[in-house]
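Read-outs throughout are calculated quantities, based only on the coordinates presented, and are distinct from any laboratory measurement. Computed from a predicted model, the values in this text were never measured in an experiment. Positions of Cβ are generated from backbone atoms using ideal geometry, with glycine treated the same way; all protein chains shown enter the neighbour counts.
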Amino acid sequence: MPSDLPDDDRVDVPADGLVHGPADDLGEGPADDLDDAWLVVPLYDEATVIGDVLREALGTFPSIVVVDDGSTDGSPAQARATGAHVLQHPVNLGQGAALQTGIAYALAHGARYVVTFDADGQHQVADAADMVRLARAEDLGAVLGSRFLDDRTQAGLVKRVVLRAAVWFTNATTGMRLTDAHNGLRVIRRDAALQIDLRQARMAHASEIIAQIARTGVPWREHPVHVLYTDYSRAKGQSVLNSVNILVDLVFK
Amino acid sequence: MWIKILLIVAVVAVTVGLTRATGGARHQAVRRILLVVFVLAAGVSVLWPPLLTKAANLVGVGRGADLLLYALVIAFLTYISTSYRRMSRMSRDLTTLARELTLLRAQVEEDAGHADLHKSSTPGPQGLPRDTASTTYDSQRD
């Protein structure tokens, strides 16, 4: 498959230089099997890390759409400089809304797989690539990241308790058997992604997206991922109290 | 006491109303009828206070004023419920609107970029897509 036109925009992008940049792929066509997997990255005020996160990811995934959700810290400029496709919501709408916008964009650009990926650098690009390959190899409609399938991820006690509760709630309401419900790293095949319609603009979309994947009936699997809790992500991460908001959003539609 | 049952039923009804999908014209009609009843009752209670007290006694409340307070509590809860619903509907609409705008803007920018890059090979901007979500991929390729 030849590189699609939007990639041409990257030719004059300032060199990302670190890993091998997308420019390497131009002309001879992508060497990897990840050219039709689109990374969807919701972005909100991550100016300090977004550049590095995207540059690293672009080395593996040539197609990335960043949806800036009304950042006020210059994040979109940082993202644009990497050569990723950057969309901007005119106002802050919430992460769920940003995901939905990015999914719509990726699908409109021919994505065969949509990969949801966090902007703060807590996800590993290698995990995402493994998940796409798994989806392709086993013809799965969705591959969901789970940080509890192995012991790489170091989560605090309170966080673990809250996440377990979220898992329990999601399993009870969707009939799925997950080990991790609020993991932002997911691979969704085109046919399933077309049926995703996130209406929970705020954080409750994490449960909603699982419920909608379950409803499509596509085969799915979990895949162990490493979520890196840095001081940065810890400082930015949602407070445990926010789970109250999530629960209310889910019950009171 | 009757009033306890009535109040609890009303509170439960409001809560259920919150969790259910939004109602249409029928709900609105019911709300308006209730409003008229409420206004009439308010008028009656002002003109003939003993009537209100009598009604209160019927359901096990001592004074008419207390019954009025209970009714107010229920009315307030209903108000919260309906306005919460209206707000979430509005924010949903805003989200849809903003998404369309975002995708449309990206489309326009890409078309403009292509027009510059491939002036000879591609026709000019294609105008506004009919449906942003289904913007055709193929039409953008050479």
**Complete:** Whole-Å distance linking the alpha carbon centroid of the range A:55-129 with that of the range B:26-67 is 57
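Work out the FRET efficiency for A:L149 and B:S91 from their Cβ-Cβ distance, taking R0 = 25 Å, and round it to the nearest 0.05.
About 0.10, to the nearest 0.05.
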**Among B:38-49, A:145-156, the order from most to least packed when residues are scored by Cβ within 10 Å on average** = A:145-156, B:38-49
**Message:** As an exercise, use a Förster radius of 51 Å and the Cβ-Cβ distance of A:E138 and B:D116 to find the FRET efficiency, rounded to the nearest 0.05.
**Reply:** 0.75
**Request:** Please find the FRET efficiency linking B:L101 to A:T173, where r is the Cβ-Cβ separation and R0 is fixed at 30 Å, and quote it to the nearest 0.05.
**Result:** 0.40
**Estimated distance in nm for a label pair at A:D73 and A:V91, the labels positioned 7 Å out from Cα along Cα-to-Cβ** = 2.3
